Structure formats: C-alpha cells, structure tokens
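Comments concern the structure below.
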DNA sequence: ATCTATTGCAACATTGATGTTGCAGTTGAC
DNA sequence: GTCAACTGCAACATCAATGTTGCAATAGAT
C-alpha cells in the first residue's frame, strides 16, 4: 500500500505538471483522470489545489537543485560546468515543464528557493564574464536571460533532441551564435 | 458614445491581454475592474470569454501582420529585414504579451492566421540560411526557435530596453552569440 | 430639447470546480 | 488469515465564475 501510494502520488505530480504546463487552469478532476486515480484520492493526498502545485514546484526545485550541485558551478572550469548544467537541466525542464517564474508567486517558500537557485546560476554567469568567456560588452543579466530562453526552447520545442546534443546546441548558440563568423 | 465604446473596448483588450499574460485564468470580473468598466459592459461587447480571447488574439495578429509586411522579409536584404522585424515585433510582444502558441489552440481561425505568419518568418530564416548569413550546419527550425526565444526574453524580461537597442541585442546574440570570438 | 445608444448597478440562474464524508472492496504487511 | 491502509464510488455542500435581464442615469448626435 505504502508503495502504491508513493507511486500514485508521483504519477499525479508528473501528470499534473504536464497538464498544468499546457493549461494552468487544468482542473483537479482532469489531472486525477489523466493520472488514472479517483478525484477524491488526489484530495486525500493534497489538502487543496495549492498544495498540489506546491508539491509539483518542490519536485522541480529538488531536481534542479541536484543539477546545480552536480554541475559544480563554482569549482569546475566554466565550459565544463556550463555543459554539465545544460545536460542536467534540460531533462528537468522537460519532466517538470511548469513555468516556475510565473506560477510560484503565491508560494513564498518556493519562491525563496527558486531565487536562491537563480542566484547560483547568475553567479556562475558572472564568473564566466569575469574569466573572459563572455564578451566584455555583454550584460550579465542579459546573458542569463538568453541562457534560460535557449534552455526552455530546446527543452519544450525540440523534445526529441537528446540531452547531450541539446546541451551542445544551446552552448553553441549561446557562445557562438548562429551567424557566420 | 460610439467613441467611448471603442475606447473602452480597446482598453478592455489591452488590460485583458496584460492580466491574461500574467495569469491565463484571470476572471472577466478582474479584467473589467482593471479596465475600469462594469462586468456586464464587457459581456455586452463580448458574447463570452472565448470571444474576448479571440479579440485579443486578433489584435495581436493584426499588429504582427503589419510588422511582417513592413519588414519586407522577402525583398529587403537579410540584415535589414531582420532588424526591421525585430524592432517592430518587440513592441507588439510587449503590448500583447499573451502566449499565442499556447492559448489559441481552440480558435482554428486564429491558429491558421498564426501559422501563416509563422511560415512567413520561417521562410525568411530559410532565406538567411540560403544566402549564407547563418552557418551551414545550423538547422533552420532551431534558428527560428532561437530567434523567437530571444525576442520573448528581451520583450518581457527587459521591458525597459527601448526597441532599437533591444533589436540590436537580439540580432547580436542571434548572429554572434555572447562568447568571445 | 429630444432622441438614442451606452453605461452602471442590482438581481438572478447556471455551471463547473473544489473539498468533504461515509461506505464497501481490495491489497499488501505481518 | 487477519489487520490496517488505501482506493474507488456516490453523494453532498460550497463557492467562484459566467452569462442574462431590467431599469435608471448619462452623454453625444441631431
């Protein structure tokens, strides 16, 4: 039972994330149906809709945090860390396609966690600037935004590209652009 | 009266677009309140919620279409057309921040129009490839996605950057990337 | 000044989503 | 086999959003 409960809960979270990404107003009933469980079962696990959303966010934040840790953004050489980050974060973006920046407004705890993770990445971008991997005239905030945009794009609009190749494409577009030299 | 009606209708559309972009499930009541009109007045203008959304999409499509026309994507030199397109489309993205790709699914007519506009831009990107402005190893669909992502990013995450500079930033990131040569 | 269109306001009906509870059936742990 | 936990199902109450209507007030056109 305990095993079943855990599996179904996880299924609800993943299914919910997928449906909520397509349509943030997806009903609990629709999520439950898609996950193959009864509506009341979902309500027994999650006190209310907010709680379900919070659980989804937490799952995404957990995955993202592990990726940030394993990328060794402060220790590894910039190109290595960048590639490891990309290869890790792209599957996370695909598995939890919910837009955290928009949907976590009402959850201060999750927002704070997200801010912290965001700051780690921004620090990394700053290091890339400082160590001369980015052009001197590039604003760090803009570089950060570009990287995020490229990750989202490859993750959601090209779901068939496998993570290593996706990371290559993003890093290449980010650093070299798509134009002729 | 006719003038008032038109002004209020426009105000509802713009306000609605802004609120719906932040939260696609924003209620008609909230939109009406933000636009400074009564809820019933909105219902008199738009038969139902769908009709309001359709009107917002149509307004965005109208603006985007004008930008595509004026950019002369098929006639002008690639760099010129690209810059004109960017400088025009960024204000459109800001004024109508709704995500058309996601929210227009249920409106086949608007979807078709969007597809047509999308095809025009894809054709332009293909021309940029053919004429040697993009690296030969670059997939046109990926180039297209990157351009879209950069436009969305500068439009919504850097609303203070004025259109000409924003266009410069996007074109620069798109063609040259952010890394050192 | 009169007429007409439009608005705000209040009231109402309807619908869909949310959340709760009781009960019977199932399943895994022991 | 027994027990405890979990599930599906049905029923219910509640609430927010939607959409409608009638009426009085207002403002622009003539």
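The values are calculated or read from the model by the stated rules, or taken from the named source; none is laboratory data. It should be emphasised that the depicted structure is a prediction, and the values quoted were computed from it without experimental measurement. Every residue, glycine among them, receives a Cβ derived from its backbone with ideal geometry; neighbour counts consider all protein chains shown.
Looking at (1) over 26 Å from residue A:11 (Cβ atoms); (2) touching a helix residue (DSSP H, G or I) at 6+ places or on another chain (Cβ under 7 Å), find the lone condition where residue A:111 falls short. Every listed condition holds for residue A:111 apart from (2).
Within segment A:25-38, take every residue that is loosely packed, with under 14 Cβ neighbours inside 10 Å and more than 23 Å from residue A:99 (Cβ to Cβ) and give me the one that is nearest to DNA strand C (Cβ to nearest atom). So, considering only residues that are loosely packed, with under 14 Cβ neighbours inside 10 Å and more than 23 Å from residue A:99 (Cβ to Cβ), the one nearest to DNA strand C (Cβ to nearest atom) is A:38. On the stretch given as segment A:130-147, residues that are more than 8 Å from chain B (Cβ to nearest Cβ) and in contact (Cβ under 8 Å) with a residue 24 or more places away in the chain total 2. The test for being within 16 Å of DNA strand C (Cβ to nearest atom) and assigned to a helix (DSSP H, G or I) does not hold for residue A:89. Taken over segment A:18-47, the criterion of being away from chain B (no Cβ under 14 Å), within 12 Å of DNA strand D (Cβ to nearest atom) and in a loop (DSSP other than H, G, I, E, B) is satisfied by A:36, A:37, A:38, A:46.
Yes/no per residue for (1) surrounded by 16 or more Cβ atoms within 10 Å (Cβ to Cβ); (2) part of a helix (DSSP H, G or I); (3) more than 14 Å from chain B (Cβ to nearest Cβ):
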position: A:75; (1), (2), (3): no, no, yes
position: A:110; (1), (2), (3): yes, yes, yes
position: A:128; (1), (2), (3): yes, yes, no
position: A:149; (1), (2), (3): yes, yes, no
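Each row is one residue, and each column tells you yes or no for (1) touching a residue at least 60 places away in the same chain (Cβ under 8 Å); (2) farther than 27 Å from residue A:139 by Cα.
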residue	(1), (2)
A:45	no, yes
A:75	no, no
A:80	no, no
A:85	no, no
A:96	yes, yes
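Confirm whether residue A:51 is over 15 Å from the mean Cα position of the chain (by Cα), away from every other protein chain (no Cβ under 14 Å), within 16 Å of DNA strand C (Cβ to nearest atom) and under 28 Å from residue B:20 (Cβ atoms). Yes, satisfied. Taking the condition more than 23 Å from the chain's Cα centre (by Cα) and crowded, with 16+ Cβ neighbours inside 10 Å, does residue A:56 pass? Considered against the rule, which asks whether it is more than 23 Å from the chain's Cα centre (by Cα) and crowded, with 16+ Cβ neighbours inside 10 Å, residue A:56 comes out as no.
Within the set B:101, B:66, B:54, B:114, the sole residue that is under 23 Å from residue B:162 (Cβ atoms) and either at pLDDT 95 or above or part of a helix (DSSP H, G or I) (or both) turns out to be B:66.
Consider segment B:159-175 and keep the residues that are touching a helix residue (DSSP H, G or I) at 6+ places or on another chain (Cβ under 8 Å) and within 7 Å of another protein chain (Cβ to nearest Cβ). The one that is farthest from residue A:140 (Cα to Cα) is B:174.
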